[in-house]
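J.: Pasting a structure below so you can have a look.
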Amino acid sequence: MSEILRVNSTDRSRPSEAELVHMLYDAVIDNSLWPEMISELMEHIDRPEQGQFSATSTNHADLIMHFERAMRLSENIVGLQEQNSTLGGVLDSLAIGICVFDHSGSQIYSNQSAQRSGLSGKRLGDLNSSARGALEPASQNLPKLSQFEGTNVAFIEASKIRNASLPSNAATLAVSLPTLSKSSLEDFRKVHYLSASEANLLWALHHSRNLRKAAEQSNITYESARTYLKRIYLKTGCSDQSSLLLMIERNPLSIIRRNDDRVEDNSRVRKNFLLKDGRNLEYFDLGPEQGKLVLHFDALTGVAIDILGIPEVYLPHLVELGLRIVVPCRPGTYKSDYRPMTGLSEFTDDVCQLMDHLNAERAVLLSQAFGSCSALAFAASASDRVEQVILCAPSYPKHEPQDWRKMDVFYIISGVIGRRAPSLLKAIVPYLMRSVMQNTSKYLKRHISNSKCGADIAVLSSPTIQRRIPEMLALRTMLGTDGIVQENFLNTHGWDFDLRNISAPVHVLQGEQDNVSDPQGSRKLAAALPNAFYHSLADLGQYLLFTEWPWILEACTSTTPAKIIEINVMRTFDTGSVSAE
């Protein structure tokens, strides 16, 4: 690899070591400062070896000590955040609503089920005054039962909970019981081998509490209802209606909040393929089976075209265009087994095996940001299987912009730290990924403040994007962080291929307001390709694929994508073939 191409390089006054120490502890408070902080440190001390900083003078020893202390503090904070997130996630997954009130009656906690039941945000006195049909307990040790907006609620004094480890400010718990859901009844039906008619009767009986009314609601005679009920008794081991209803209402599966539609969508999109060497390759697959294959090499967050999270948004368009989009998950990410690689082209054989499995001779390659590195590697090493390539805001490691400090966290990790101190990646990437997942809003807020593109700011401000980024990072690292560490390393040090071997036409779509993939770097990349078309989008930035995906997918179907691009991007300038000179 030739020397890094720098642009508009000017001397920049560096902060003093005292200022760096203050910045280190600022990063403890605001984790989103860490990538830039580490990059600043590398300008003061030698390049790290084996993941450790080495001092060039005794003065640096104090700085390194502060760095190690600050990292330990940050890791402890993130560890507590993860613990809190895990506990909160478990409580929010319950269909049982839980509210905690202090001694003044103010609410200090509520889970999602309580919020859905209307219990959240209310004082204990308000709930007591609004509750109907309150049943005073026969014993002082039993909870008070009431109904609030149709929901059964139990009020329990914290002091009467056995072996309680509640905080001292917790005085009362309000617990709302879940109503029987269709999914819970379906689980019950499968466990006890009930027929559909028997299950329908049981559903009606649960709501009516009367067999004659249940028979009417099920459109069967009373005698048929009695026959069905006897069969249900035999299958469940119950002998009367009370014990039967109690059994279905105490079904353990009923206490879990479920989204069966989303699980079904994910099971259709997420697929696994066994490679020749026995490794598993996971891939996401959406669109008609016989459609033209589009291999999408996603960026680190994987939400530019989020076919896993919102397949219903993309599917109608894919069907209309006759496209099948497939996202091959790189080794060590999602459920794809990890294997060590020294170059990006080592993933080519895995992708070729997947294409054979899908009965696809050739494919269109579509990439976003850092995914362009893998897309180009495949295009260069399997040129006979590539029809055309569309790169959105591509990454080019031979170019480092002057204002890299204004780039997002993923660029600084891979494009700066990964290139200058690759041995440090394994030490810091796992922590930084955890930090991003726990502090997504902080990282995005920092990135938004540095962005100069209104379209990018709108994307990053989206509640859906802010929710999906940590979700996808959690899925990407579900097998550990070895895969994502390797990705970051190979994106800058794994270019083991020659761009001149790419014979397919390559269309580079670059937003001029991009502060992650520098437009000048994209121009240099296009100039290094033998058959490239550079398309400049004046008012867009890094996240153009997030908003422009309908016509970009349309360009994947065409033999003349440049025309589609020109039609859909009226603000495009400097569009045309770029020579390699």
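Bear in mind that the values in this text are calculations on the coordinates, not laboratory data. Just so you know, these numbers come straight off a predicted model, no measurement behind them. Because the Cβ atoms are built from the backbone with ideal geometry, glycine has one as well, and the counts that use them run over all protein chains shown.
J.: Using a ≥ b ≥ c from the Cα gyration tensor of the stretch 292-387 (square roots of the eigenvalues), is it rounded, prolate or oblate, where a/c under 1.5 gives rounded and otherwise the larger of a/b and b/c decides, a/b for prolate?
T.: Note, shape of the stretch 292-387 comes out oblate.
J.: Could I ask something else about it? Taking R0 as 30 Å, what's the FRET efficiency between residue 219 and residue 152 from their Cβ-Cβ distance, rounded to 0.05?
T.: Calculated value: 0.55.
J.: What is the spin-label model distance, in nm, from residue 356 to residue 249 if the labels are put 7 Å beyond Cα along the C-beta direction?
T.: With each label placed 7 Å out from Cα toward Cβ, I get 6.0 nm.
J.: Excluding residues fewer than 8 places away in the same chain, name every one of the lysines whose C-alpha is closer than 28 Å to that of residue 182.
T.: 190, 213, 230, 235, 271
J.: Between the stretch 366-380 and the stretch 457-501, how many Å separate their Cα centres?
T.: Between the Cα centres of the stretch 366-380 and the stretch 457-501 lies a distance of 12 Å.
J.: Near the amide H of residue 439, under 5 Å away, which other amide H atoms are found, from residues 5 or more places off or on another chain, if H is placed in the peptide plane?
T.: For residue 439, whose amide H was placed from the backbone, there are no distant partners under 5 Å.
J.: Would you mind classifying the stretch 365-511 by shape? Square roots of the alpha carbon gyration tensor eigenvalues, ordered a ≥ b ≥ c; an a/c under 1.5 is rounded, otherwise it is prolate if a/b is larger than b/c and oblate if not.
T.: Cα axes put the stretch 365-511 in the prolate bin.
J.: Subtracting the Cα-Cα distance from 0.36 nm times the residue separation, let me have the gained length for residue 109 to residue 206 in nm, one decimal.
T.: 31.8 nm
J.: On to the next question. Take the alpha carbon atoms of the stretch 505-520, find their center, do the same for the stretch 172-192, and report the distance between the two centers in whole angstrom.
T.: A separation of 52 Å, based on Cα centres.
J.: Still on this structure: First measure r as the distance between the Cβ atoms of residue 85 and residue 339, then evaluate 1/(1 + (r/R0)^6) with R0 = 35 Å and state the FRET efficiency to the nearest 0.05.
T.: 0.70
J.: Quote to one decimal, in nm, the extra length available between residue 62 and residue 233 on full extension: 0.36 nm per residue of separation minus the C-alpha distance between them.
T.: 54.0 nm
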